[in-house]
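Have a look at the structure below, then the notes.
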Amino acid sequence: MPEETSIPSAEAALLLGITEDEARGLAGPDGGVPLEALLRRTGATVLELARELAQAREEVGKLSGRLKEVRATNLRLQGELKEGVVERRRLTEEVLELRAAAEERLMLMERVERISGIEGELAEAEEELARLRSRGPVSRLLDR
């Protein structure tokens, strides 16, 4: 009858990821953990790892979907940003055009005021001239 092999409980604890006390609980009469117990426990550990792997894959799938959503949102926001920049430039140009038009209007108003002042001076001069003409030649000579 072949002798059942076993490994020390410290090594079994490392392999199974359990404490040495738990590994001693699995130990046989010789103080070592039988390979059969190690295989049974490893099977459970593999099953646990398989569950964790399935959960990790599920999480990866969720995160992948979320990443696609974030990328789509990012692309949309970049497009909106570009549109906003174009709109800002257009509005800046429009403001500059309006400012230039306002300055031109101000200059025209100043010219109109100057022309109005000149017209007023011309009207006064014409009145003075008409008054002087209405006086006779003798009064003009005496005024000198």
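Laboratory data are not the source of any read-out in this text; all were calculated from the coordinates shown. These numbers were taken from a predicted model, which means no experiment stands behind them. Here Cβ is always computed from backbone atoms with ideal geometry, including for glycine, and neighbour counts include all displayed protein chains.
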Formal net charge of residues neighbouring residue 46 (Cβ-Cβ distance under 13 Å; K, R +1; D, E -1): +1
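For the chain, take the alpha-carbon Rg, divide it by the Kirkwood Rh, and send me Rg/Rh. Present the calculation step by step, with values, prior to reporting the outcome.
Working: Rg = 51.9 Å, Rh = 26.2 Å.
Checking Rg against Rh, the ratio lands at 1.98.
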Fully extended contour minus Cα-Cα distance, from residue 71 to residue 101, at 0.36 nm per residue: 6.3 nm
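Please report the relative contact order for the chain, taking Cα pairs under 8 Å with a sequence separation of at least 6, and give it as a percent rounded to a whole number. It would help to have the intermediate numbers written out before the result.
Details: 47 pairs, mean separation 18.0, N = 144.
Worked out over the chain, it gives 12 percent.
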Helix axis angle, 35-134 relative to the chain longest principal axis, alpha carbon, degrees: 0
Electrostatic dipole magnitude of the chain [Cβ: Lys, Arg +1; Asp, Glu -1; Cα centre; debye, to 20]: 1000
Local net charge near residue 98, Cβ-Cβ under 12 Å (Lys/Arg +1, Asp/Glu -1): -3
